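Below is one structure, written out as structure tokens; comments come after it.
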Amino acid sequence: MKLDVNSLRYLSKDDFRVLTAVEMGSKNHEIVPVELIDSISGLKHGGSHKCIKTLLRYKLVHHDNARYDGYRLTSMGYDYLAIRALCSRGQISSVGRQIGVGKESDIFEVANDDGEIFVLKLHRLGRTSFRAVKDKRDYLGKRKNYSWLYLSRLAAIKEYAFMKCLYEHGFPVPQAIDQNRHAVLMTLVDGKPLVQVKRIENSRLVYESCMDLISRLASKGLIHCDFNEFNLLINDDNEVTLIDFPQMVSVAHLNAEELFDRDVNCIIRFFSKKIGYVPEQDPDLSAIRPAFTNIIKDIDEQLDVQLVASGYKKDAKDMKDLEAFVLNGESEDEDEEEEEEEEKEEEE
């Protein structure tokens, strides 16, 4: 469902009270009964009924009467709640054009009252290939209390915490401004996705920057787990910025070395096949690939431990489930999809 913020201005305070009531009721109900919506919203004389009709018209809730009469929040309804919260905090005042669509997110330009431009990322866990969705739904199994909206909120909480921490420790990442529900507000970075680049003036320099960044993360106790051309921005000065952090894990993860090597291999493959720079054939390259075992011997500051201890301590248990959910079955599907795309390009 495509985000349309034009209707936001037409919603009343009571409309948002009812929308919030549906959200609150969703914590314990897949479909929130009408009676519970009335009770939570506290509106008298059938006020919630009128509001529900408005919310239905704008596709912010979905009606379901299969088992009983009730409603559930739609992804757009969740978008509206997050955007309204950020507006009420004075962080943003308008939503502009969509500037990106990720595997499991939508990216928009937004502005505040001073005209400053920021980036708003709305997490959309569950949007991926059919096979991956099936694998992830199978993973959830009996966790019926989890929903795509809740998992998206967890992803946003984690991304905000990691981005904020990395920025404060001097890593080339966007500055995290605010977070609400599944939305993360961050600074706009000067640069374009590395995947859009066909030629790099100093390939070795950029390659070494990428490998140095992977190594620096590991030396602080972290692995990105999706370090590739889609999650790297490059500017005119060949400086790279790393984005997308919900899947990051600790170097203490059971499969840490495998995940680290996967990140390294993604960069080697991109430069070799897409840029035409083959690291193994460069005699002046100081090191082709960083060694995980050597790096973790000299960890000087464990940001992974600090983040779990402070950033999202109250959600720590669910974050473990999110981590497994995001990583489950992902690499196999993505590798196969990349190979298929490369084969098509070679045929053309």
Most positive-pole-ward Cα, LEU154, THR241, ILE40, against dipole of the chain from beta carbon charges: ILE40
Check: the chain dipole with +1 on Lys, Arg Cβ and -1 on Asp, Glu Cβ, in debye: 2520 debye
Cα-based shape type of the chain, given that a ≥ b ≥ c are square roots of the gyration tensor eigenvalues and the cut on a/c is 1.5: prolate
Cross-link table LYS59/LYS320; LYS27/LYS158; LYS103/LYS192; LYS50/LYS121; LYS121/LYS273, entries beyond 22 Å C-alpha to C-alpha: LYS59/LYS320; LYS50/LYS121; LYS121/LYS273
Residues with amide H under 5 Å from that of GLY102, placed H, sequence gap 5 or more: ILE107
Derived scalar couplings ³J(HN,Hα) [region 155-160; Karplus, 6.51 cos²θ - 1.76 cosθ + 1.60; whole Hz; x for Gly, Pro]: 4, 5, 4, 5, 4, 4
Extension gain from GLU35 to ASP14, taking 0.36 nm per residue of separation minus the Cα-Cα distance: 5.9 nm
Rounded tilt (10° steps) of 330-347 against the dominant C-alpha axis of the chain: 60 degrees
Computed label-point distance, nm, for sites ARG204 and ASP4 using a 7 Å Cα→Cβ extension: 5.5 nm
Shape of region 5-77, Cα gyration tensor, a/c cut at 1.5: oblate
Full-stretch length increase - LYS27, ASP284 - with 0.36 nm per residue and alpha-carbon distance subtracted: 86.8 nm
Sites ASP190 and ASN294, calculated FRET efficiency, Cβ-Cβ separation with R0 35 Å, nearest 0.05: 0.55
Cα→Cβ-extended label distance, 7 Å offset, between VAL101 and VAL308, nm: 3.7 nm
Listed residue (PRO290, PHE230, LEU120) projecting farthest to the positive dipole end of the chain, Cβ model: LEU120
In region 243-301, trypsin sites (Lys or Arg not before Pro) in a DSSP loop with at most 14 other beta-carbon atoms within 10 Å: LYS297
Shape category assigned to region 1-44 from the gyration tensor of Cα positions, a/c cut at 1.5: oblate
Rounded to the nearest 20 debye, dipole of region 5-77 from Cβ charges on Lys, Arg, Asp, Glu: 280 debye
Computed FRET value (nearest 0.05) for ASN255 with ASP321, which takes r as the C-beta separation and R₀ as 22 Å: 0.85
Listed residues LEU36, LEU303, LEU60, most fluctuating in the chain (Gaussian network, C-alpha, under 10 Å): LEU36
The chain: most fluctuating residue of ALA21, ALA287, ALA111 per GNM, C-alpha cutoff 10 Å: ALA287
Region 251-292-region 19-78 distance, computed between alpha-carbon centres (Å): 50 Å
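Each value in this text was obtained by applying a stated rule to the coordinates, not by laboratory testing. From a predicted model like this one, the values you see are computed outputs, not experimental measurements. Using ideal geometry, Cβ is built from the backbone for each residue, glycine included, and neighbour counts are taken over all protein chains shown.
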